[in-house]
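See structure below.
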Amino acid sequence: MADEDAQETFLSHLIELRERLVRSLLVVGVFCIPMLYFSSEIYDLLALPLMHSLPQGSRMIATGVITPFLIPMKIAMMAALLLALPFVLYQAWAFVAPGLYAHEKKLVLPLVVSSTVRRRSRRADGRSGGSSRGPNRTDARPGRSSPTRAVAPTRGTRV
């Protein structure tokens with residue numbers, strides 16, 4: 001009998017999780033519809049720093065056949081997720097919170113705040129911490145070549 005109650009409780013949790021996920025996806029979908037309309041403006045805003053760093057007279061090109069369709073779709077979905085994030089996080093909290101003790105619930109706010117605030121650290125050599133990815137990496141490993149990359153000249157440029 002107790003095994004059936006445990007199974008029923010487990011199934012009721014799965015049903016509640018499904019309902020909350022469906023609600024979250026519906027809200028993201030509702031936000032996605034107007035974001036599709038504004039996706040080209042959002043793309044222009046996001047591409048502006050890159051466009052300023054390109055050489056004079058050059059422009060960005062699509063490198064894939066379906067890219068001109070997928071990029072606005074991805075931008076619209078990411079913008080919709082960003083706008084719907086408060087609702088999605090509330091749904092996640094509403095699912096998890098009933099299973100937490102009172103002292104565990106009190107720890108959530110400090111955890112969320114501390115995990116979103118980024119602290120810059122200093123390395124031993126005095127430089128600030130951060131990502132060491134990309135062509136500006138200065139931590140060359142022994143036996144490896146320089147971490148710089150050669151860039152091919154653009155058409156019509158003399159070398």
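The values are calculated or read from the model by the stated rules, or taken from the named source; none is laboratory data. Keep in mind the model is a prediction, meaning the values are calculated, not measured. Neighbour counts are summed over all protein chains in view; Cβ atoms, including those assigned to glycine, are modelled from backbone coordinates with ideal geometry.
Looking at ILE75, ILE61, can you tell me which residue is among the β-branched types (Val, Ile, Thr) and over 21 Å from the mean Cα position of the chain (by Cα)?
Selected residue: ILE61, the only one of ILE75, ILE61 that is among the β-branched types (Val, Ile, Thr) and over 21 Å from the mean Cα position of the chain (by Cα).
Can you name every residue in the stretch 65-77 that is surrounded by 16 or more Cβ atoms within 10 Å (Cβ to Cβ), under 15 Å from ASP44 (Cβ atoms) and out of contact with any Ser or Thr (no Cβ under 6 Å at 6 or more places or on another chain)?
ILE71
Checking the structure you have, find out if any residue of the stretch 39-58 is under 18 Å from ALA84 (Cβ atoms) and surrounded by 10 or more Cβ atoms within 10 Å (Cβ to Cβ).
Within the stretch 39-58, one or more residues are under 18 Å from ALA84 (Cβ atoms) and surrounded by 10 or more Cβ atoms within 10 Å (Cβ to Cβ).
Identify, from the list ALA102, ALA94, ALA80, ALA84, the residue that is closer than 30 Å to LEU21 by Cβ, loosely packed, with under 10 Cβ neighbours inside 10 Å, among the aliphatic types (A, V, I, L, M) and at pLDDT 85 or above.
Result of the check over ALA102, ALA94, ALA80, ALA84: ALA102.
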